[in-house]
Structures are given as structure tokens and as C-alpha cells.
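The structure appears right after this line, and notes come after that.
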Amino acid sequence: AYAKIVKEIVRCTNFAAIKHKDQRRKDKQKTPYVNHVIGVAHILVSEGGISDVSVIQAALLHDTVEDTDTSFYELQAEFGEDVATLVKELTDDKSLPKAERKALQIAHAQHASYRAKLVKLADKLYNLRDLRRATPEGWTEERVQEYFEWAAQVVAGLKGTNPALEEALDQLFRERGVEM
Ligand code: NDP
Ligand code: ZN
């Protein structure tokens, strides 16, 4: 059973790397985008203490439908119903304007499933650390600060999910003087 799980995780990582191959992060170094989804999965195992395989797979796949040509049907065929459903919970509706999507993330956070909340926490933690590490191309310091303030409102709806991840996020918000 163990060998099968290892194989599934590596297959999933490979799938994400292929899907995101032409995409880069917004930093000046143009870091490959797949570093983000692998980093989110790594936060879940190393800091969150998570070993739920579907949660790790959903972390690896969480931006494939939103940002690449991947469909939920394809995810379901490749990785099963459980993983596909989780990714669906993590996918913004791209037909909506950006501001509306950001408002919906705040409104929907508290209604997400426990497993989706875990990935959301790790995703926010990764992105906030990334912003602290390097300011994206073309972003002002004000925009970075606004992003922290928006993220704090999303994270407020994810409370009571994972103490380690929430403590790490709290610390980042305190550092920035942002109230949750
Ligand atoms: P965006 O939503 O445009 O960008 C942040 C997202 O980009 C993250 O959630 C992350 O999403 C991804 N990302 C990629 N690379 C990085 C990186 N290196 N570090 C962190 N995140 C990264 O940002 P805003 O929330 O600021 O944009 C909100 C709206 O405001 C947009 O419509 C924007 O056009 C507008 N705007 C705001 C300005 C301001 O001063 N506040 C100025 C100009 C425009 P993922 O996890 O999916 O990769
Ligand atoms: Zn993400």
C-alpha cells in the first residue's frame, strides 16, 4: 500500500509540473509556477503534520483548473472523485471580476470543508511568505500591504482548522501590523 501511495504522489507532482510548465510566479526571478504548488504540499506535510493523501494531491493540483487547460473531468479520471471535488472547492470562478472573486474568498472561507480549509491555509501561508521574500514585478509596498489585509480576512474564516499553520499565519500578520 505504501509503494502505491508514493507512486500516486509522484505521478500527481509530475502532472502538475507538466500542466504549469509555461507559467511563472510574479517575482522578478520568474520562478517556475510549480514551485508554488509543491511548496504548498510541503507546508502541509512538514508544518501542518498532514498525511491525508487526497489533501496533498489537492494541494499539488489546486491551481490546475484555475490557471491551465485542465478540467475537473480530467482530474476525476486521473486522480478520482475525492481529489477532483477538493480542487473544485479550491477553484475561483474566473468568469467573475477580480474584485468579486476576492470578496467571495472572504465570504466562502468559513463554509469550506475541513480538508479544503487546510489547503487554503497552506496556500495563503506560502503566498504571504513569498511576498515577504520578494516584491512581485510592478507591485508597490501599498499593494503588498493590501494583499496581507485581504488575506487576513480570508484566514479569519479558516480558524480552528490547524493550530501550527494558523500560528505561522498569525505571526506573519503580527509582523505586518495586520489585525485578523
Ligand atoms: P493578485 O491577485 O493579482 O496577485 C496575487 C496572487 O498571485 C496570489 O494570490 C498568488 O495566487 C499569485 N502569485 C504569483 N506569484 C506570486 C508571488 N511571487 N507572491 C505572491 N503571490 C503570487 O494580487 P492582488 O490581490 O493585489 O490583486 C487584486 C486586484 O487589485 C487585481 O484586480 C489587481 O489588478 C488590482 N490592483 C491592485 C493594486 C493595488 O495597489 N492594490 C494595483 C494594481 C492593481 P496563486 O496562489 O493562485 O498563485
Ligand atoms: Zn495557490
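Summary of values
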| quantity | calculated |
| --- | --- |
| Where a residue in the range 122-134 is over 22 Å from Asn162 (Cα atoms) and in contact (Cβ under 8 Å) with a residue 40 or more places away in the chain and its partner, wherever it lies, is within 8 Å of ligand 1 (Cβ to nearest atom) and of a type in the set (Asp, Glu), with Cβ under 7 Å and at least six apart | Ala134/Asp27 |
| Set Thr140, Thr70, Thr91: member being among the β-branched types (Val, Ile, Thr), within 29 Å of Phe15 (Cα to Cα) and over 15 Å from the mean Cα position of the chain (by Cα) | Thr70 |
| Lone qualifier among Leu118, Leu104, Leu86, Leu96 - being crowded, with 16+ Cβ neighbours inside 10 Å and either more than 14 Å from the chain's Cα centre (by Cα) or in contact (Cβ under 8 Å) with a residue 60 or more places away in the chain (or both) | Leu118 |
| Some residue of the range 3-14 being within 17 Å of the chain's Cα centre (by Cα) and free of Cβ contacts under 8 Å to residues at least 40 places away in the same chain | no |
| Filter result for the condition that a residue is in contact with a helix residue (DSSP H, G or I) (Cβ under 6 Å, 6 or more places away or on another chain), surrounded by fewer than 19 Cβ atoms within 10 Å (Cβ to Cβ) and farther than 20 Å from Leu125 by Cβ, over Val53, Val6 | Val53 |
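None of the figures in this text is laboratory data; all of them are computed from the coordinates on show. This is a predicted model, so every value here is computed, not measured. In this analysis, Cβ positions are derived from the backbone assuming ideal geometry, glycine residues included, and neighbour counts consider all displayed protein chains.
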